[in-house]
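Comments concern the structure below.
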Amino acid sequence: METVICREIEDGILEVRMNRPERLNAINATLIKELLTVFQGLQNDRKTRVAILTGEGKGFCSGADMQEPASPGAIPGTDGMGPLGFVYKFQEYLAQLMLAIHECDKPVIAAVNGAAVGGGLALALASDIRIASTAAKFGAVFIKTGLSNCDVGVSYFLPRLVGAGTAAELMLTGRIFQADEAREIRLVSRVAAPEDLAAAALETARAIAENSEYGVWMTKKGLWSNVDAPSLRQAMELENRTQVLGCFTGGMDDARAAFGTGAKPRWKPL
């Protein structure tokens with residue numbers, strides 16, 4: 001791939017590194033295509049348990065590449081299209097990437113090493129967990145281009161993570177804010193020094209990968225499904241079915257056997 005580097009850091013943990021450092025990993029058609037390939041491919045990857053998304057160089061992702069405007073033919077199915085059709089298709093293509101990250105059946109940790117603005121903020125929001133370097137900064141900046149700040153999932157994720165009032169202020173002003181404020185408003189779960197960011201993300205990834213395949217898979221699915229549950233009862237119905245199915249994976253037997261010896265469970269694969 002041209003714009004993404006994937007490497008297995010250790011068993012079950014995959015680093016996905018955006019690799020356009022000269023452009024602060026700005027989003028172009030190739031980056032979208034390659035990230036889509038990675039995250040859609042993870043759906044059928046039994047070996048990977050957790051993915052860490054980060055950026056090469058000083059930036060996480062600086063949003064759309066304003067110096068590389070796309071034109072019809074840049075993405076599949078747009079050859080010969082007029083401006084309206086192409087822009088709409090491109091918008092859907094980028095939105096599809098955010099869905100691929102969010103709906104990936106492996107947890108995704110965004111290790112935000114630098115600027116995460118515009119589409120870069122959306123990539124971080126679509127991830128399950130965000131850990132930031134002290135050098136990171138964030139911003140919903142679509143509004144600064146004359147467009148709405150309701151773009152590629154930001155108006156869905158941000159209010160759910162930080163509350164509607166805080167999201168409104170950030171989205172209506174489009175201001176840039178630093179890692180400490182992101183931690184204060186609970187946009188990120190942890191802040192680390194730049195040199196410690198990779199280790200912090202890996203520590204979290206290991207803690208996830210220690211758990212059973214079924215447990216992690218169904219926790220991610222159930223959590224995000226129940227964020228939108230219309231009632232407590234409906235959320236509990238999903239939980240009930242998930243727990244009953246889990247009783248038949250053998251995981252509880254593995255945990256019981258490990259408890260008796262004081263060792264960590266050795267989970268059987270699904």
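The values are calculated or read from the model by the stated rules, or taken from the named source; none is laboratory data. Since this is a predicted model, take the numbers as computed values, not measurements. Positions of Cβ are generated from backbone atoms using ideal geometry, with glycine treated the same way; all protein chains shown enter the neighbour counts. When the accessible area is computed, the model is the full protein with side chains, heavy atoms only, and any ligands, DNA or RNA have been set aside. Shrake-Rupley method; radii C 1.70, N 1.55, O 1.52, S 1.80 Å.
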Report summary line: Pairs returned, first residue in the stretch 189-210 that is farther than 15 Å from Glu8 by Cα, second residue that is at pLDDT below 95, beta-carbon separation under 8 angstrom, 6 or more apart or interchain, are Glu210/Lys264
Query raised in the report: Can you pull out the residues in the stretch 131-177 that are of a type in the set (D, E, K, R) and closer than 23 Å to Ile27 by Cα?
Result: Lys137, Lys144, Asp151, Arg175
Query raised in the report: What about Gly85, is it not β-branched (Val, Ile, Thr) and not in a loop (DSSP other than H, G, I, E, B)?
Result: yes
Query raised in the report: of a type outside the set (Gly, Ala, Ser), under 21 Å from Arg130 (Cβ atoms) and in a helix (DSSP H, G or I): does that describe Val216?
Result: yes
Query raised in the report: Only one residue in Leu223, Leu238 is loosely packed, with under 12 Cβ neighbours inside 10 Å, under 26 Å from the mean Cα position of the chain (by Cα), modelled with pLDDT of 85 or more and closer than 22 Å to Pro107 by Cβ, so which one is that?
Result: Leu223
**Report entry** The one condition in (1) assigned to a helix (DSSP H, G or I); (2) of a type in the set (A, V, I, L, M, F, W, C); (3) more than 30 Å from Gly63 (Cβ to Cβ) that Phe248 fails to fulfil
**Finding:** (1)
Query raised in the report: Just wondering, is there one or more residues in the stretch 47-57 that are assigned to a loop (DSSP other than H, G, I, E, B) and out of contact with any helix residue (DSSP H, G or I) (no Cβ under 8 Å at 6 or more places or on another chain)?
Result: yes
Query raised in the report: Given the structure, is Asp253 of a type in the set (Asp, Glu), open to solvent by 50 Å² or more (accessible area, probe 1.4 Å) and closer than 25 Å to Leu121 by Cβ?
Result: no
Query raised in the report: Can you pull out the helices (runs of 4 or more DSSP H) entirely within the stretch 99-210 that have at least 1 residues that are open to solvent by 50 Å² or more (accessible area, probe 1.4 Å) and under 21 Å from Gly55 (Cα atoms)?
Result: 179-184, 197-209
Requested in this report: Within the stretch 76-98, track down each residue that is touching a residue at least 40 places away in the same chain (Cβ under 8 Å), touching a helix residue (DSSP H, G or I) at 6+ places or on another chain (Cβ under 8 Å) and surrounded by fewer than 19 Cβ atoms within 10 Å (Cβ to Cβ).
Outcome: Gln96
Query raised in the report: Which of the residues that make up the stretch 56-70 are open to solvent by 80 Å² or more (accessible area, probe 1.4 Å), within 23 Å of the chain's Cα centre (by Cα) and polar (S, T, N, Q)?
Result: none
Query raised in the report: Using beta carbons and a limit of 7 Å, which pairs, at least six apart or on different chains, have the first residue in the stretch 249-270 and among the polar types (S, T, N, Q) and the second one modelled with pLDDT of 85 or more?
Result: Thr249/Tyr214; Thr249/Leu270
Query - Cβ pairs under 6 Å, 6+ apart, first in the stretch 157-185 and basic (Lys, Arg), second crowded, with 17+ Cβ neighbours inside 10 Å - result: Arg183/Val191
